[in-house]
Amino acid sequence: MTQSNGDKSSFVYCQKPSTAYILLYRNATVWLHLAEAINRMGYPDAAFAILKNGLNSELPNFRYLEVYQKDNEGNDIVDEDGNKVLDMTQSHIDDKYYLTPESYELLTTKLSFLSQENAAIFSSETNDIVGIHAHGAGAVGDLYSTYRYSSVVEEKIADISNKFNLGLTDYTKEDYINAVEDLLCDEYAMEFAFEGTRFSDLRRLTLHKNRAGTYSGNFGDIWLSHKLQNNAAGITTKNCYLPYR
């Protein structure tokens, strides 16, 4: 209902929606679900890219690169210990650069967001594709932003280790995958607040964690109980629904 006042009388308009379609998903939902899937495929850095940068044409600038020095004949130059020598003028190896060669290949071939044929569709210049975390956290996608893969994910791993007494010290790829999933869980809470998806998101991530068995076969249920301890103490995937008869 909208109301406007004219010079001589007041008018009240009753308007119906301009579209007959029911919106089931927003763009952010699709992107975050994609990140969730990519993460569990074994590419946590590519999933983090959806949070930080978005899958757009600027993402290759964040590739982790090791380029080695060559001699005049094109052979690798080695040091006195027989190790190849990095060309530091071309290598990108500090923590600003996080997209691994494996993830870059995935995003240019199997999931061809960064392929040449899709360059126009996912161009950062012509399309508004940004990291989902930027929706409420500002300019986190910059190369020099403090929102960086290694520091953010390792901080989350340490937090998980402390909460669940895991005693993690040397972090594995599975630790990274689990932590990125928790970052996505945090993002779900912020992005979809009051939209009625929170419990289904938590239950789905719980099943991922149980299936992965990174810390134990029922770690997901332990994690879920911790998440809901203030609202539904002791809840697990075994008792969250009434049994069918």
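The values are calculated or read from the model by the stated rules, or taken from the named source; none is laboratory data. These figures come from a predicted structure and were not determined experimentally. For neighbour counting, all protein chains shown are included, and Cβ atoms are generated from backbone atoms with ideal geometry for every residue, glycine included. Side chains are part of the model used for accessible areas, which takes the heavy atoms of the whole protein and leaves out ligands, DNA and RNA. Shrake-Rupley method; radii C 1.70, N 1.55, O 1.52, S 1.80 Å.
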Pick out, in residue order, every one of the trypsin sites (Lys or Arg not before Pro) in the stretch 52-96 that is DSSP loop and has at most 16 other C-beta atoms within 10 Å; say none if there are none.
LYS96
Leaving out same-chain residues fewer than 8 places away, which aspartates and glutamates sit with a Cα under 15 Å from that of LYS238?
ASP221
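Report the gain in length on full extension from ALA137 to ASP159: 0.36 nm times residue separation, minus Cα-Cα distance, nm rounded to one decimal. Each step should come with its number before you reach the end.
Working: separation 22, 0.36 × 22 = 7.92 nm, distance 2.04 nm.
That works out to 5.9 nm of additional length.
How big is the equivalent ellipsoid of the chain along its three axes, where each semi-axis is √(5λ) from the Cα gyration tensor, reported in whole Å from largest to smallest?
Values: eigenvalues 321, 177, 48 Å².
Calculated on Cα positions only, the semi-axes equal 40, 30, 16 Å.
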Expected field for MET41, accessible surface area in Å² at 1.4 Å probe radius, rounded to 10, holds 90 Å²
Antiparallel content of DSSP bridges confined to the chain, in %, to 5
90 percent
Could you state how much accessible area LEU51 has, in square angstrom rounded to the nearest 10, with a 1.4 Å probe and all protein chains kept in place?
0 Å²
Mind checking which aspartates and glutamates have their C-alpha under 15 Å from LYS70, skipping anything on the same chain fewer than 8 residues away?
ASP79, ASP87
Just flag the GluC sites (Glu not before Pro) in the stretch 158-202 sitting in loop per DSSP whose Cβ has no more than 12 other Cβ atoms within 10 Å.
GLU195
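If the chain between GLU117 and VAL30 were fully stretched, how many nm would it gain, using 0.36 nm times the residue separation less the Cα-Cα distance?
Numbers: separation 87, 0.36 × 87 = 31.32 nm, distance 2.17 nm.
In short, 29.2 nm is gained.
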Ranked by GNM mean-square fluctuation in the chain (Cα springs under 10 Å), the top entry among ASP221, ASP81, ASP201 is ASP81
The stretch 137-156 scanned against label point 7 Å out from ASP94 along Cα→C-beta; backbone N under 15 Å for 143-151
With label points built 7 Å along Cα→Cβ from the Cα atoms of GLU105 and ALA193, find their separation and express it in nm.
4.2 nm
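Could you pull out the chymotrypsin sites (Phe, Trp or Tyr not before Pro) across the stretch 148-245 that fall in loop regions by DSSP (anything but H, G, I, E, B) with no more than 13 other Cβ atoms inside 10 Å? Let's see the in-between values first.
On the way: sites: TYR149, PHE164, TYR171, TYR176, TYR188, PHE192, PHE194, PHE199, TYR215, PHE219, TRP223, TYR241, TYR244; in loops: PHE164, TYR171, PHE192, PHE194, TYR215, TYR241, TYR244.
When the chymotrypsin sites (Phe, Trp or Tyr not before Pro) of the stretch 148-245 are filtered for loop state and at most 13 Cβ neighbours within 10 Å, PHE194, TYR241, TYR244 remain.
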